[in-house]
1. How far apart, in nm, are two points set 7 Å out from the Cα along the Cα-to-Cβ line at residue 10 and at residue 110?
2. Can you list the residues, at least 5 places off or on another chain, whose amide H is less than 5 Å from the amide H of residue 127, using H built in the peptide plane?
Amino acid sequence: MKTMRQMLDTMDRLFDDAFMFPTSSRGVSRDNQLQVRTPWDIMENEKEFKMRFDMPGISKEDVKVSVEDGVLVIKGGHKKEESEKDSWSARSYSNYNTRLALPENCEMDKIKAELKNGVLNITIPKGKVEPKIMDVNVE
């Protein structure tokens, strides 16, 4: 299980390592900047965290997003098999199971998820973290 900070750090490492990406003309914009779209992304601003997960071929009925003990759980998948007489059968399988530890400053009861055009967008509002001060009895 990864924390959001670990996922953001992973994203930074991917884009810092020039050897991870091919040098062909595919994926290069007009101003010669390399353009790569990862299958997931996380952004953070002062109000919320936003996440994007590519889930092509998955319908919203096949996706479940939940929070379990401070952990965001994303599950989904599909299984599709087609076969015609006198031809090869076509099989398509997808399975997602992601678990992310949520930071303390998020409002877990206000998390929103939307699956549209094969992209799952999750918005996690930030809240205020009240410092927990507890006196310990000295014996």
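1. About 2.8 nm, to one decimal.
2. Here 106, 107 satisfy the definition.
Computed from the coordinates by the stated procedures, all read-outs in this text should not be read as laboratory data. What you see is a predicted model, and the numbers here were worked out from it, not measured in a lab. Counting neighbours? That spans all protein chains shown, and the Cβs are built from the backbone with ideal geometry, glycine included.
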